[in-house]
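Report on the structure given below.
The values are calculated or read from the model by the stated rules, or taken from the named source; none is laboratory data. Not measured: the values here are computed from a predicted model. Virtual Cβ from ideal backbone geometry, glycine too; neighbours counted across all protein chains shown. For accessibility, only protein heavy atoms count, side chains too; no ligands or nucleic acids. Shrake-Rupley method; radii C 1.70, N 1.55, O 1.52, S 1.80 Å.
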Amino acid sequence: MQTFSALKVSQVILNPKMNLNKVFSNRIINLYPFTTINSCIRRSSSKSLKFASITEENHSIETTAQNKIKQQVSPLTDSFGRFHSYLRISLTEKCNLRCQYCMPAEGVSLSPKSHLLSTDEIILISRLFVSQGVRKIRLTGGEPTIRKDLVDIISQLKAIPQLENVSITTNGLVLTRNLVSYQRAGLDSLNISLDTLQPKKYEQITRRKGFERVIAGIDLAIQLGYKPKVNCVAMKNFNDDEICDFVEWTKDRDVDIRFIEYMPFSGNRWHTEKLLPFQDMLTSIREKYPNLKTLSNGPNDTSKAFKVPNYKGQVGFITSMTEHFCGSCNRLRITADDQKFLTTCRTAIKQQIRAFSTKLTHVNEQGKAAMVNVINKSHTKRKATACGHVNIGKEITSLIRDNLMKKGDVLSIAQIAGIMGAKNTPNMIPLTHHIPLSSVKVDLKLNEEEHRVEIYATIECFWNTGCEIEALTAVSISALTVYDMCKAVSHDISITNIRLMEKSGGKSDFKRPN
């Protein structure tokens with residue numbers, strides 16, 4: 001697997017000087033002239049069906065081209081042209097096993113807990129990567145199920161728009177207890193480590209007990225609808241005599257057994273004689289299963305897939321040592337303790353906010369607040385309408401209808417408050433202009449069926465800037481006044497749906513559909 005240091009990735013992803021939208025649009029227009037926003041390729045009901053078909057085809061080409069160019073200029077595309085859409089996040093350095101091929105018997109030195117990524121930090125980093133094109137996140141370790149907040153992490157990751165898959169890699173020891181919770185949180189898939197089908201060998205290789213629990217966890221995953229990938233590190237003189245046993249295991253279990261070539265890690269005392277090459281495993285399998293079928297692989301798959309016909313599951317080979325697959329790798333990795341990366345993220349976020357804030361109308365080139373200069377704009381007739389609701393409940397509805405509120409006529413007082421609010425908008429909303437308002441109309445209607453007060457404000461002026469903020473302010477102040485006059489009866493009141501309905505007379509008109 002191609003690995004990147006988290007700090008290096010952060011430098012690529014979070015370049016505050018990189019205006020991605022501008023880069024995308026310029027590259028698309030320059031390389032594919034037909035992909036302009038106002039494309040000349042249009043569908044017309046007056047044209048023939050053949051032309052419509054051509055239009056659809058061209059639209060498909062346009063979309064594909066846009067996606068391709070976006071990937072080419074993405075910060076997640078490296079110098080070899082590989083677009084990295086798959087992120088692996090290590091949640092912890094701890095593990096409840098001591099597998100001989102990845103950890104010395106005495107364990108390893110652990111980072112202080114304060115140096116590990118918190119849940120909020122994990123979600124922050126994930127959102128940044130997803131915004132740049134990551135579509136799959138795998139949670140690893142150590143052993144990720146050691147994290148007590150794993151369910152919360154999964155749930156929050158699944159709430160990120162555009163993130164398509166959340167998975168974990170686990171040793172399977174606690175799946176019978178926790179997998180249902182993981183599934184409810186939204187877990188899409190899982191990899192389970194299992195290097196032998198013999199309990200004594202399991203205890204030998206992991207230096208711990210738990211074989212039966214892992215088998216039960218795999219079976220539970222299948223029952224819950226998963227097709228778990230079972231990772232098996234193949235080693236000479238340890239489990240090389242079980243290769244065909246694992247293949248036979250796929251007869252009745254819908255699993256994907258993946259044989260991983262033994263790789264060197266710090267502390268595993270790696271020796272070449274332990275390496276069991278992919279071709280040797282494949283040869284021994286074909287001797288027993290001559291009808292073994294080769295399956296197609298995806299462009300970024302690390303496993304070469306095979307299947308015995310009529311067996312529920314399948315097998316694959318991760319040939320890390322004998323047949324490298326780095327050229328098609330799309331994976332990134334973040335370690336559990338990468339505080340440098342997080343600090344870089346936070347700094348770059350602040351820089352990005354400042355860099356992109358120059359596009360806002362109330363910010364100058366230095367990122368400081370500034371009022372818009374409208375001196376060169378034309379004076380025109382401007383008009384804006386806004387509305388909003390105050391949900392008040394049945395009891396308050398009756399009191400307002402019968403004008404029995406102790407504080408007085410709610411609708412009339414709120415109407416006056418809205419008018420005053422519109423006229424005082426510059427005193428409440430920073431950087432707005434003092435506008436000579438020609439007309440302020442605020443109407444309040446009691447909707448007895450829905451138990452709410454409906455507020456509408458229409459503002460008119462003849463000036464060189466619009467008055468939609470004044471209309472929205474009028475509705476907001478009226479709504480707050482209704483709340484203030486009714487809160488003695490009940491605090492179960494909500495102000496909702498304050499929005500601009502239409503505006504006209506400026507550079508661009510707007511009208512919200514009914």
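Which fully enclosed strands (runs of 3 or more DSSP E) of the stretch 267-347 have 3 or more residues being modelled with pLDDT of 85 or more?
Working: elements: 304-307, 314-318, 331-334.
The strands (runs of 3 or more DSSP E) meeting that bar are 304-307, 314-318.
All of (1) closer than 14 Å to residue 400 by Cβ; (2) surrounded by 19 or more Cβ atoms within 10 Å (Cβ to Cβ) hold for residue 487 with one exception: (2). Restricted to the stretch 219-240, and to residues there that are more than 16 Å from residue 305 (Cα to Cα) and modelled with pLDDT of 95 or more, the residue that is most open to solvent (accessible area, probe 1.4 Å) is 223. For the stretch 385-432, the set of residues classified as under 25 Å from residue 468 (Cα atoms), open to solvent by less than 90 Å² (accessible area, probe 1.4 Å) and either among the basic types (Lys, Arg) or not in a helix (DSSP H, G or I) (or both) consists of 385, 386, 387, 388, 389, 390, 391, 424, 429, 431, 432, listed by residue number.
Working only within the stretch 461-473, note down all residues that are open to solvent by 20 Å² or more (accessible area, probe 1.4 Å) and either outside any strand (DSSP E or B) or modelled with pLDDT of 95 or more (or both). So that I can check it myself, show each step before the final result.
The initial filter retains those residues of the stretch 461-473 that are open to solvent by 20 Å² or more (accessible area, probe 1.4 Å), namely 462-463, 465-466, 468-469, 472.
Those that are open to solvent by 20 Å² or more (accessible area, probe 1.4 Å) and either outside any strand (DSSP E or B) or modelled with pLDDT of 95 or more (or both): 465, 466, 468, 469, 472.
Is it the case, given these coordinates, that residue 173 is buried (at least 17 other Cβ atoms within 10 Å of the Cβ) and either touching a Gly at 6+ places or on another chain (Cβ under 7 Å) or free of Cβ contacts under 8 Å to residues at least 12 places away in the same chain (or both)? Walk me through how you get there before you give the answer.
Values: buried (at least 17 other Cβ atoms within 10 Å of the Cβ): yes; either touching a Gly at 6+ places or on another chain (Cβ under 7 Å) or free of Cβ contacts under 8 Å to residues at least 12 places away in the same chain (or both): yes.
Judged against the criteria, residue 173 is a match.
For the stretch 55-72, the criterion of being open to solvent by 30 Å² or more (accessible area, probe 1.4 Å), part of a loop (DSSP other than H, G, I, E, B), of a type in the set (A, V, I, L, M) and at pLDDT below 75 is met by no residue. Every condition in (1) at pLDDT 75 or above; (2) within 30 Å of residue 263 (Cα to Cα); (3) β-branched (Val, Ile, Thr) is met by residue 108 except one, and the failing one is (1).
I'm told residue 495 meets every condition in (1) in contact with a helix residue (DSSP H, G or I) (Cβ under 7 Å, 6 or more places away or on another chain); (2) of a type outside the set (S, T, N, Q); (3) more than 29 Å from residue 374 (Cα to Cα); (4) open to solvent by less than 30 Å² (accessible area, probe 1.4 Å) except one. Can you identify the failing condition by its number? Unmet for residue 495, out of (1) in contact with a helix residue (DSSP H, G or I) (Cβ under 7 Å, 6 or more places away or on another chain); (2) of a type outside the set (S, T, N, Q); (3) more than 29 Å from residue 374 (Cα to Cα); (4) open to solvent by less than 30 Å² (accessible area, probe 1.4 Å): (4). Selection of the stretch 125-150 for residues being open to solvent by 30 Å² or more (accessible area, probe 1.4 Å) and of a type in the set (Val, Ile, Thr) yields only 146.
Does residue 153 qualify as being open to solvent by less than 30 Å² (accessible area, probe 1.4 Å) and not polar (S, T, N, Q)? Walk me through it before giving the result.
On the way: open to solvent by less than 30 Å² (accessible area, probe 1.4 Å): yes; not polar (S, T, N, Q): yes.
Yes, satisfied.
Does residue 457 qualify as being out of contact with any Phe, Trp or Tyr (no Cβ under 8 Å at 6 or more places or on another chain), in a helix (DSSP H, G or I) and either open to solvent by less than 70 Å² (accessible area, probe 1.4 Å) or among the aromatic types (Phe, Trp, Tyr) (or both)? Walk me through it before giving the result.
Numbers: out of contact with any Phe, Trp or Tyr (no Cβ under 8 Å at 6 or more places or on another chain): yes; in a helix (DSSP H, G or I): no; either open to solvent by less than 70 Å² (accessible area, probe 1.4 Å) or among the aromatic types (Phe, Trp, Tyr) (or both): yes.
No: the conditions fail for residue 457.
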